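Note sheet for the following structure.
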Amino acid sequence: MSKLGTLGARLYRGEVGYDFVGKRKIWYGISILITITAIVGLAVRGLTMGIEFEGGAVFTTPKTTVSASQAESAAKSASGHDAIVQKLGNDTLRITIGGVDTAKADQIKAELAKDLKLPAKDINADLVGPSWGETIANKAWTGLIVFMILVVIYLAIAFEWRMALAALVALIHDLTITVGIYALVGFEVTPGTVIGLLTILGYSLYDTVVVFDGLKEGQKGITKQTRLTYSEMANKSLNGTLVRSINTTVVALLPVAGLLFIGGGVLGAGMLNDISLSLFVGLAAGAYSSIFIATPLVADLKETMPEMKALKKRVLAKRAAAAAKGETEEEPQDAAPFDDEGEDDAQTAGAVVGQRRQPSRNNRGKRR
């Protein structure tokens, strides 16, 4: 078995672990800082909307030796607006200019043909009206709202409303960070961007549901034992699914990274950036929020319940009594997830990775 597989098995059995839930204030602080940065970037720089949303014209030239920088200067001079020029694979140019109407587009086309020394009849011009982009934006908002409502309803039925609320917060967290980074980077927002945003919502939800499923199994009969508090049980369940979450995220990020850094960066296929950036940032943020935000938030909500407060008091009281007697309690390896209260077993779930359980002297004597 590989080292990662061995670590995953030990995490699942609870032999090692990391106290994600116990250190939730750190993760909350990091998330708040990142979210504020994203919101500030969105407020200061705003989103660079593509012509699909603002309206404009797209000019496609025939095969030419004119560079993209020369074409950009010519387009800016002819239109009086900023232009985006992309060099396509067949040595043609795609010139995008926003905020122009039909009459202005004909004038720009004539001046481009003159400046670039190309026949005007060979330059193809496509106009996009702002009403089309408004329709697309409205449909995207409608799809997003419907998706959020269905997510909350499903999670409330399959799990409980506290988990549904935590998942909703995680989704909003992922969207805010992705949109904020789009504003900071300055990439154009196109229909491909919208598709990417809707895609990451589904992935983020999948990762969260995997963690919540382990949490649901772990909380069965939790009030009938005195070994773990709810937060400790949540942390133990989270560690049990940690390797699976990491593997899923890495496998998903590799092809998206290829699209973004190789396709968009090295090869210069700018159109790939529209969807690949939103996917890359959203997938990473989704994996982060599932582990560091959703589960700790569920633990916080559950710890406010009277029965969980009473459980925490019993657990702490039992540990204090055991400490006063100088005893070291051990959780048997072959025990069920939760035993009866009468059994003398206690083990916190937030052990540091690599720390192994040590049997007490009394237990070692019994084994002999």
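Points worth noting:
- Pairwise FRET efficiency - A322 versus Q70, Cβ, R0 = 51 Å, nearest 0.05: 0.05
- Residues of region 43-68 with amide N under 17 Å of a point placed 7 Å along Cα→Cβ from I136: 47-60
- The length gained by stretching the chain between K121 and I149 to full extension, at 0.36 nm per residue less their Cα-Cα distance, is 5.0 nm.
- Summing +1 for each Lys or Arg and -1 for each Asp or Glu among the other residues whose beta-carbon sits under 14 angstrom from that of F53 gives -4.
- For region 158-225, the solvent-accessible area of protein heavy atoms averages 35 Å² per residue (probe radius 1.4 Å; ligands and nucleic acids excluded).
- Dipole of region 155-257, positive direction: furthest Cα of M233, I172, T190, with charges on the beta-carbon: M233
- Using a probe of 1.4 Å, the accessible surface attributed to F159 totals some 40 Å² when neighbouring protein chains are kept in position.
- Charge sum, other residues only, whose C-beta stays under 12 Å from S67's C-beta, Lys/Arg counted +1 and Asp/Glu -1: -1
- Cα-derived Rg over Rh, computed across region 53-102 with Rh taken as Kirkwood radius: 0.97
- Exposure of F280 as accessible area (Å², to 10), given a probe of 1.4 Å and all protein chains: 60 Å²
The values are calculated or read from the model by the stated rules, or taken from the named source; none is laboratory data. Just so it is clear, the structure is predicted and the values come from calculations on it, not from any experiment. Here Cβ is always computed from backbone atoms with ideal geometry, including for glycine, and neighbour counts include all displayed protein chains. Quick note on the areas: whole protein, heavy atoms, side chains included, nothing else; ligands and nucleic acids left out. Shrake-Rupley method; radii C 1.70, N 1.55, O 1.52, S 1.80 Å.
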